[in-house]
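The values are calculated or read from the model by the stated rules, or taken from the named source; none is laboratory data. Worth saying up front: this structure is predicted, and the values here are computed from it rather than measured. All Cβ positions, glycine included, derive from the backbone under ideal geometry; neighbour counts span all protein chains shown.
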Amino acid sequence: MLPVVDNFNLPRRLGDGLVLRWGRPGDVEAIAEFNSRIHSSSPTEPDLYVANWTRELMSGNHPTTQAHDFLVVVDENRNGKIASTLNLISQTWSYGGIPFRVGRPEIVGTDPDYRRRGLVRTEFEVIHALSAFRGEMVQVITGIPHYYRQYGYGMSLDLSGARRLDFHAVPKLENGAQESFRLRPAKFEDIPVLSELYAIHCASSLVSRIRDNNEWRYELSANNEKSVSYHQFYIVETLDGEVAGYTEAIPGTPDPNSPFTIHELAARPGYSLRAVSQFLARAFKEIAEENNKHRKEPMVGLSFNFGESHPVYTALGNIFSRTIPPYAFYVRVPDLPGFLMHIRPVLEKRLIGSVMENHTGALRLNFYSYQIALNFEHGRLKEIAPFKATSYQDGDALFPGTTFLDLLFGRRTLEELRYIFPDCFASNSGAQVLLDILFPHKPSHVAVLN
């Protein structure tokens, strides 16, 4: 658990009887009810999944989040009615193998009676300060389109993306053949091998989350089927009990035509990823068909939610019925030079063996509102410092808004950004070549801590 050491001038009176304060254990049910109502798509059907997720985050059992990681605005003129709330879920991610701390603001909501008063903006100022206090270099949000751009976020990192596999296309065993594997629920004792397999699953992703032992234990215990955090981990083993692989899946939601969703999958060295993936497709089809007996709307297929690309897609071949492109995380990097220096080993490694190996020179980036120069000496990034532009378009490359984050997090190439944003470009060929080397297209599939 990460305590709040600095109260950040809370509680704070906002006027008209509104008070901003940290959440308390006694707020659990009130905030859960509020979130279930505000985040529901139907005024007559509260969202029980969000309500239960809220309870889990405030229970004291979560590895990084508890009641005092929630912000709440209450109306003292209406018996403490909740007007607005959000929370912070702290976690550690990796960029090309370099760990960095992340703050994830979530469950952001305001009662309709209190909207357009700047409450969420004030809450974000405080939650950003808390995240910075914890040393979190990046903040990420999953949210509705466009809204969080006003708080300094760009939609700059792949979120989800999937390949759908209809049940009729699931590979069958050849006549007379027997399964070589079996499936069982993962246990705490499996954490060491789960960690090994999770690293294999993440190897194709530029950005991934680092799971510690506490997070593994918490996620293995996430067994409330009516919660946002629900999922199940399974071990794939041979008939002799040898571990061959693992997977993490959600056996469908009550939504009509919802698929059986797989979020993680890897095979251990020495085992065929194709064989493990085909076995899991058959096993999960069988589980889904059994579950369909108790559902109003049947599951109709499997969804492999591994983002834009993953070795499992290659292993299963051309049997998918549909490709779903990734959405995007909102990403905020308040200290961009600091983050770039933090991932310096990745950038320097990308230069090795490239056409600009041993590069010396300054790469001047103009973000229109400010400018920085990346200074290289013999292939090493020595420093990042501001430079003073002599004209509006001065610099080796220009990036409006948060477009550079799309390049940084591998979501778009410079050429793709130039096509979308005419004011995003390299002003000379050397800068374009260098930027393509330092920031290549590299998809991500991040298993967030809920």
TODO: Among the residues of the range 312-328, write down those that are hydroxyl-bearing (S, T, Y) and either within 23 Å of P145 (Cα to Cα) or at pLDDT below 95 (or both).
DONE: T323, Y327
- [ ] Check F329, F233 and return the single one that is more than 27 Å from I191 (Cα to Cα), buried (at least 19 other Cβ atoms within 10 Å of the Cβ) and aromatic (F, W, Y).
- [x] F329
Open item on the list: I'd like to check which strands (runs of 3 or more DSSP E) are fully inside the range 80-146 and have at least 3 residues that are not aliphatic (A, V, I, L, M).
Closed with: 81-95, 98-110
- [ ] Residue by residue through the range 231-245, note down the ones that are in a loop (DSSP other than H, G, I, E, B) and under 12 Å from E264 (Cα atoms).
- [x] H231
Open item on the list: Any residue at all in the range 61-76 that's free of Cβ contacts under 8 Å to residues at least 12 places away in the same chain and either loosely packed, with under 14 Cβ neighbours inside 10 Å or within 29 Å of E215 (Cα to Cα) (or both)?
Closed with: no
- [ ] Could you grab the pairs with beta carbons closer than 8 Å, sequence gap of 6+ or different chains, first residue in the range 355-367 and not assigned by TED's automatic domain parsing to the domain that holds A426, second one surrounded by 15 or more Cβ atoms within 10 Å (Cβ to Cβ)?
- [x] none
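Let's see how each residue does on (1) among the charged types (D, E, K, R); (2) without any contact (Cβ under 8 Å) to a residue 40 or more places away in the chain:
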| site | (1), (2) |
| --- | --- |
| E123 | yes, no |
| L130 | no, no |
| G135 | no, yes |
| I144 | no, yes |
| V170 | no, no |
| Y198 | no, no |
| S205 | no, no |
| S208 | no, no |
Task: the range 98-116 - residue that is in contact (Cβ under 8 Å) with a residue 12 or more places away in the chain and more than 26 Å from V207 (Cα to Cα) and, of those, surrounded by the fewest Cβ atoms within 10 Å (Cβ to Cβ) - done: D113
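For the range 337-449, give me every one of the strands (runs of 3 or more DSSP E) that falls completely inside it and has 3 or more residues that are surrounded by 21 or more Cβ atoms within 10 Å (Cβ to Cβ). Break it down stepwise before answering.
On the way: elements: 361-366, 371-377, 380-386.
Here the list reads 361-366.
Among G135, G176, G161, which is modelled with pLDDT under 95 and not hydroxyl-bearing (S, T, Y)?
G176
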Open item on the list: Any residue that is closer than 26 Å to W93 by Cα and without any contact (Cβ under 8 Å) to a residue 60 or more places away in the chain - is there at least one of those in the range 301-314?
Closed with: yes
Open item on the list: Among the numbered criteria (1) closer than 16 Å to K226 by Cα; (2) more than 24 Å from the chain's Cα centre (by Cα); (3) among the charged types (D, E, K, R), which one does D75 miss?
Closed with: (1)
